[in-house]
Amino acid sequence: MEKIGITHVLKISESGYNEFWLRDMIHHDPSILGLGDLQAVMKEMSQPQGGRLDLLLRDPSDDSFYEVEIQLGATDESHIVRTIEYWDNNKKLWPKRSHTAVLVAEEITSRFFNVVHLLSMAVPIIGIQVNLVKVGETTALHFTKVLDSYEEPEDEEPSQQGYDEKHWVDNYPGALECARWYRGILTESYGDIPIKYFEAYISLAVGEVARVWIYKRKNDRALVEVKYAEGDIAQAIDYLTSEGVTQGTRDNKFLSFNNVTLQQLKDKQTAHRWIVQKLAPRYLKDAKA
């Protein structure tokens, strides 16, 4: 029988390291957070009311920002408040960019979950647990995303707060056209598809469950995300790659197509129709048949 190593979780501070060391490790390679190919913009960024943001990261695909606070040990109230405060400061400084608050800690406590649940409709916030692990003589950092408020709309969406189709016609017509097109190919298989309009995204529901989200992007582009429902997602990735469709994945449940135009969707319509057929709930397809 193959011998499998056993990991041992170590306290970062007790191992001779501190927050500045962890900050520099992330700054050197932001991809270790597991949030994509982010770029480091700044560390120890001064804030108007005092204090310093540990790290400011940027997603080059859409110019969105991630405000990252780091804490050794368990999350506490002061770091939670600080993370949200720094996120809000940068949101005011760059109002046209998308911003996400990120708290990295050795232990994400239940209190953090409770606070984020209350704030998640107003603040996109991610909780990442970091551990220093040892296997044999090798020591390594391990990051796990344990909470992402971005996921909440998939089951129960917030109220529309007055946003309607006109909001998108006036501000993001290109993304709206992408949503209309995707609704059209969903309708071919599932009949009437409810559409809901929010400030930053549009959702499309199949069987009263949101399955597709279209997010605003600059220059008449959109981020299209489809919730995977059937089979092995690797099969979908292999197929899309063979068809020359650039895609990403999130949490092994979603396929995403970032910075796409309506024409790019149309150019790959065969692949997207395949997605609709393969990824929608099987019981709904059986019912329609």
**Study point:** Members of the range 60-114 found to be small (G, A, S) and within 13 Å of I126 (Cα to Cα), listed by number
**Key:** A101, A105
Review point. Quick one: would you say E165 is at pLDDT below 85, more than 15 Å from F254 (Cβ to Cβ) and in contact with a Phe, Trp or Tyr (Cβ under 7 Å, 6 or more places away or on another chain)?
Key: no
Check your understanding: Is it true that E208 is surrounded by fewer than 20 Cβ atoms within 10 Å (Cβ to Cβ), free of Cβ contacts under 8 Å to residues at least 60 places away in the same chain, out of contact with any Gly (no Cβ under 9 Å at 6 or more places or on another chain) and at positive phi?
Key -> yes
Exercise for review: Kindly indicate whether L57 is modelled with pLDDT of 90 or more and either more than 23 Å from K218 (Cβ to Cβ) or surrounded by 16 or more Cβ atoms within 10 Å (Cβ to Cβ) (or both).
Suggested key: yes
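Got a sec? Which of Q235, Q247 is out of contact with any strand residue (DSSP E or B) (no Cβ under 9 Å at 6 or more places or on another chain), over 14 Å from V276 (Cβ atoms), assigned by TED's automatic domain parsing to the domain that holds H272 and at pLDDT below 85? First the steps, then the outcome.
Numbers: Q247 fails: out of contact with any strand residue (DSSP E or B) (no Cβ under 9 Å at 6 or more places or on another chain).
Within the list Q235, Q247, the selection yields Q235.
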Practice item. Of all residues in the range 186-203, count the ones that are touching a residue at least 12 places away in the same chain (Cβ under 8 Å), surrounded by fewer than 17 Cβ atoms within 10 Å (Cβ to Cβ) and farther than 25 Å from V123 by Cα. Key: 4
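Conditions tested, residue by residue: (1) modelled with pLDDT of 85 or more; (2) over 19 Å from the mean Cα position of the chain (by Cα).
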position	(1), (2)
N18	yes, yes
I84	yes, no
K96	no, no
A101	yes, no
Check your understanding: (1) in contact (Cβ under 8 Å) with a residue 40 or more places away in the chain; (2) farther than 26 Å from Y201 by Cβ; (3) out of contact with any Asp or Glu (no Cβ under 8 Å at 6 or more places or on another chain): which one isn't true of A105, the others all being true?
Key -> (1)
Point to revise | the range 33-46, residues that are in contact with a Phe, Trp or Tyr (Cβ under 6 Å, 6 or more places away or on another chain) and either at pLDDT below 85 or not in a loop (DSSP other than H, G, I, E, B) (or both) | key: L33
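With the requirement that a residue be of a type in the set (F, W, Y) and under 22 Å from the mean Cα position of the chain (by Cα), what does the range 164-196 give you?
Step one: list which residues in the range 164-196 are of a type in the set (F, W, Y), which gives 168, 172, 181-182, 190.
Residues satisfying the conditions are W168, Y172, Y182.
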Practice item. Answer yes if at least one residue in the range 220-233 is crowded, with 16+ Cβ neighbours inside 10 Å, in contact with a Leu (Cβ under 7 Å, 6 or more places away or on another chain) and assigned to a helix (DSSP H, G or I), and no otherwise. Key: no
Practice item. Mind listing just one residue for me: the one in the range 5-27 that is in contact with an Asp or Glu (Cβ under 8 Å, 6 or more places away or on another chain) and of a type in the set (D, E, K, R) and, of those, surrounded by the fewest Cβ atoms within 10 Å (Cβ to Cβ)? Key: K11
Review point. For the range 21-37, does any single residue satisfy the condition of being in contact with a helix residue (DSSP H, G or I) (Cβ under 7 Å, 6 or more places away or on another chain) and farther than 20 Å from E107 by Cα?
Key: yes
Revision key, fill the gap. Selection from the range 57-90 of residues under 25 Å from G16 (Cα atoms) and part of a strand (DSSP E or B) yields V68, E69, I70, Q71, L72, G73, A74
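The values are calculated or read from the model by the stated rules, or taken from the named source; none is laboratory data. Note that the structure is a prediction, hence the values are computed from the model and not measured. Using ideal geometry, Cβ is built from the backbone for each residue, glycine included, and neighbour counts are taken over all protein chains shown.
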